[in-house]
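These notes are about the structure you will find just below.
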2 protein chains.
Amino acid sequence: MIRKHYSEVERMESKKEGFKGFFARYLWCKDDGCPNFAMRMMEIEPGGHTSYHSHLEEHQFYFVEGEPAYVDANGKETKLDVGDTVYVASDEPHQIKNVGNEVMRMICMIPILPGGDGKNPAPRPDDGGCVTKAKPSCSC
Amino acid sequence: MIRKHYSEVERMESKKEGFKGFFARYLWCKDDGCPNFAMRMMEIEPGGHTSYHSHLEEHQFYFVEGEPAYVDANGKETKLDVGDTVYVASDEPHQIKNVGNEVMRMICMIPILPGGDGKNPAPRPDDGGCVTKAKPSCSC
């Protein structure tokens with residue numbers, strides 16, 4: 001058994017294309033000896049967001065704190081609540097935003113696929129693993 | 001993308017040996033099309049607990065609400081805090097208790113191993129998957 005408080009784990013800013021005010025705490029990854037999946041605490045500052053992207057790894061999100069919004073494969077944006085949980089399938093385009101005035105926190109789960117480490121998506125032959133997508137315009 | 005609030009998911013009481021006041025909400029399991037791992041919201045009433053047990057599946061816990069305690073492989077009990085996260089290795093004996101006066105909630109992750117469904121541990125040739133253990137006496 002290994003115990004830690006999420007706040008003890010280093011908060012690392014993402015410098016990847018399309019990310020703004022986005023920080024990851026890698027709670028349990030391959031480096032910790034996890035064989036199958038990884039838990040990350042993602043934090044987004046007010047006005048911040050991920051890129052609109054996809055990757056081979058499916059996601060399970062659980063929203064812990066703040067005012068999140070989710071942009072789906074059709075470009076539709078939906079405001080979410082604390083206690084919401086979201087499933088994103090493999091290679092499904094998605095974006096997460098903080099639309100509130102406080103830090104937003106979410107548990108972000110991914111599988112550790114061959115070539116992956118629980119921190120970054122597994123690379124594919126034709127890309128780096130995480131693919132930035134053009135967001136569809138949505139009148140919805 | 002599929003969205004739900006954890007409270008919309010059915011709360012099912014465990015009737016298994018050694019469990020008391022313990023309820024599971026199966027947020028994302030094999031039935032939902034999840035290929036690799038499962039997310040469950042576990043809830044324990046005041047004075048309730050899991051059995052002291054082990055199974056092939058490793059755990060990643062994230063404690064959301066209440067006053068949890070953890071009993072480790074040596075029988076040592078440790079009080080935990082909201083925001084704590086715990087890794088339990090494959091087949092490592094463990095028990096979770098609610099030592100507070102309100103409901104305790106935790107995110108409980110397991111891999112979906114061959115023969116498993118994300119709800120119950122995968123059965124092994126010599127047991128049902130989840131093995132109740134004798135708790136070591138600990139003077140610690």
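We did not get these values from a lab; they are worked out from the coordinates using the rules stated. Source: prediction; values computed, not measured. Don't worry about glycine lacking a Cβ; one is built from the backbone with ideal geometry, like all the others, and counts go over all protein chains shown.
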Practice prompt. Test B:PRO35 against the criterion of being over 14 Å from the mean Cα position of the chain (by Cα), within 14 Å of chain A (Cβ to nearest Cβ) and touching a residue at least 12 places away in the same chain (Cβ under 8 Å), and give yes or no.
Written response: yes
Item to complete: Evaluate the following for A:VAL88: is it under 11 Å from the mean Cα position of the chain (by Cα), among the β-branched types (Val, Ile, Thr), within 24 Å of B:SER7 (Cα to Cα) and at the interface with chain B (Cβ under 9 Å from one of its Cβ atoms)?
Response: yes
Fill in: Condition check for B:GLY116: touching a residue at least 60 places away in the same chain (Cβ under 8 Å), small (Gly, Ala, Ser), part of a loop (DSSP other than H, G, I, E, B) and on the phi > 0 side of the Ramachandran plot
no
Discussion item. So in region A:95-109, with the set limited to residues that are assigned to a strand (DSSP E or B) and polar (S, T, N, Q), which one is farthest from the other protein chains (Cβ to nearest Cβ)?
Written reply: A:ASN98
Practice prompt. Scan region A:124-135 and give yes if some residue there is assigned to a strand (DSSP E or B), touching a Ser or Thr at 6+ places or on another chain (Cβ under 8 Å) and in contact (Cβ under 8 Å) with a residue 40 or more places away in the chain, otherwise no.
Written response: yes
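Looking at this structure, is A:ILE44 buried (at least 20 other Cβ atoms within 10 Å of the Cβ), within 12 Å of chain B (Cβ to nearest Cβ) and touching a Phe, Trp or Tyr at 6+ places or on another chain (Cβ under 7 Å)? So that I can check it myself, show each step before the final result.
Details: buried (at least 20 other Cβ atoms within 10 Å of the Cβ): yes; within 12 Å of chain B (Cβ to nearest Cβ): no; touching a Phe, Trp or Tyr at 6+ places or on another chain (Cβ under 7 Å): yes.
For A:ILE44, the condition - buried (at least 20 other Cβ atoms within 10 Å of the Cβ), within 12 Å of chain B (Cβ to nearest Cβ) and touching a Phe, Trp or Tyr at 6+ places or on another chain (Cβ under 7 Å) - is not met.
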Discussion item. I'd like the residue in region A:52-70 that is more than 23 Å from B:ARG105 (Cα to Cα) and more than 9 Å from every other protein chain (Cβ to nearest Cβ) and, out of all such residues, is surrounded by the fewest Cβ atoms within 10 Å (Cβ to Cβ).
Written reply: A:ALA69
Discussion item. Whether any residue in region A:71-83 is part of a strand (DSSP E or B), in contact (Cβ under 8 Å) with a residue 60 or more places away in the chain and within 13 Å of chain B (Cβ to nearest Cβ) is what I want to check.
Written reply: yes
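For region B:84-94, give me each residue that is part of a strand (DSSP E or B), buried (at least 21 other Cβ atoms within 10 Å of the Cβ) and of a type outside the set (A, V, I, L, M). Reasoning before the result, please.
Narrowing region B:84-94 to residues part of a strand (DSSP E or B): B:84-88, B:94.
Keeping just the survivors that are buried (at least 21 other Cβ atoms within 10 Å of the Cβ) gives B:85-86, B:88, B:94.
Result: B:THR85, B:HIS94.
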Worksheet item: Restricted to region B:1-27, and to residues that are aromatic (Phe, Trp, Tyr) and within 14 Å of chain A (Cβ to nearest Cβ), which residue is farthest from A:GLN95 (Cα to Cα)?
Response: B:TYR26
Response to the item:
Out of (1) out of contact with any Ser or Thr (no Cβ under 9 Å at 6 or more places or on another chain); (2) crowded, with 17+ Cβ neighbours inside 10 Å, the one A:GLY115 does not meet is (2)
